[in-house]
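Presented below is the structure to which this report refers.
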Amino acid sequence: MTTASPTAAGSGASATQAFRATRHDTAAVTAERISDVVSAVLAGVHNAIREKKLTYPEFQAAKQWLIEVGEGGEWPLFLDVFVEHEVEHVAAETQSGTKGSILGPYYLPDQVRLPSVATLPMRSDEKGTPLVLSGQVRDTEGKPLAGAELDLWQADGDGYYSGFAPHLPDGNLRGVIVTDDEGRFTVTTIRPAPYQIPTDGPTGKLIEAAGWHPWRPAHLHLLVRAPGHRKITTQLYFQGGDWLDSDVAQATKPELVLNPQPGDDGTLHAEYDFVLERDAA
Ligand code: DHB
Ligand code: FE
């Protein structure tokens, strides 16, 4: 392995660093709420132990694995793959407009701002089929939202994210596109590859030991925001793509699947409109 090749330890540790460096909306939680939620989590664990008749050697193996996840900085990876989809599901119950999906561990704030017609920053020899995504951002009443922001990030043609793999330039395939007077945007990028959970870290080892597969279908990540409106965190997928029906992170939704069509030069063209609801007054 060369020093430039991405490793689980590298991406895990950087995901932990990125999480710590970003401000998150954290809740002020009462003792009652903590007791309520933590008791429910523990009851779930206790039930699993009784139901599966967990042995002492298995309990010790679990402890060892948990320690390794922490040491590898893989908690963001593990939680975003195996837990976040349920948190998103609960959030979606009170959300209208475009469907949401998980944020995942690889968002980085403060990327380059781009005009409404733009190309994401990429290497001159960026691998992958060119993809043009265009559409409009509107409110739930159909009014176009000028100056809305599409904060877009994605894996490259090998399934790696810039900022989390040392061989990629900072900011590669990341950017914030600002919609025009009619709320429209056209962004040129490449079709990403499916993403594989790093197989050399504790999360990947668990997946292998359990006989599961480590893949997410190819996807674009987006935050869509406009002043006075509820921010949407979502992902767009590709019809017919591998793993679309068996996402390890269980984060696909039928409403979020693009059906890009090739133009004469082979470039793929897809359209997607985003609908944001107003902030609660
Ligand atoms: C993970 C990676 C992703 O690209 C994603 O969208 C969600 C989760 C992960 O490795 O945890
Ligand atoms: Fe992702």
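Table for the structure above
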| read-out | value |
| --- | --- |
| Selection count where residues are surrounded by fewer than 10 Cβ atoms within 10 Å (Cβ to Cβ), under 28 Å from the mean Cα position of the chain (by Cα) and part of a helix (DSSP H, G or I), scope the stretch 24-39 | 0 |
| Residues being in a helix (DSSP H, G or I) and surrounded by 14 or more Cβ atoms within 10 Å (Cβ to Cβ) - total across the stretch 71-88 | 11 |
| Residue ranges of strands (runs of 3 or more DSSP E) in the stretch 157-250 with at least 1 members away from ligand 2 (no atom under 12 Å from the Cβ) and open to solvent by 50 Å² or more (accessible area, probe 1.4 Å) | 184-190, 219-225 |
| First in the stretch 55-77 and away from ligand 2 (no atom under 16 Å from the Cβ), second anywhere and of a type outside the set (D, E, K, R) and open to solvent by 60 Å² or more (accessible area, probe 1.4 Å), Cβ under 7 Å, 6 or more apart | V69/W75; G72/A9 |
| Residue within the stretch 53-68 that is open to solvent by 80 Å² or more (accessible area, probe 1.4 Å), aromatic (F, W, Y) and either touching a helix residue (DSSP H, G or I) at 6+ places or on another chain (Cβ under 9 Å) or more than 24 Å from V176 (Cβ to Cβ) (or both) present | yes |
| Considering residues of the stretch 125-156 that are part of a loop (DSSP other than H, G, I, E, B) and closer than 25 Å to L268 by Cα only, the residue nearest to the chain's Cα centre (by Cα) | A155 |
| In the stretch 107-137, the residues that are hydrophobic (A, V, I, L, M, F, W, C) and surrounded by 19 or more Cβ atoms within 10 Å (Cβ to Cβ) | L114, A118, L120, M122, L131, L133, V137 |
| Yes/no for S101 being among the polar types (S, T, N, Q), surrounded by 13 or more Cβ atoms within 10 Å (Cβ to Cβ) and within 14 Å of ligand 1 (Cβ to nearest atom) | yes |
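The values are calculated or read from the model by the stated rules, or taken from the named source; none is laboratory data. A quick note: this is a predicted structure, and the numbers were derived from the prediction, not measured. Please note: Cβ atoms are built from the backbone with ideal geometry, for glycine as well, and neighbour counts cover all protein chains shown. Accessible surface is based on the protein model in full, side chains and every heavy atom, while ligands, DNA and RNA are left aside. Shrake-Rupley method; radii C 1.70, N 1.55, O 1.52, S 1.80 Å.
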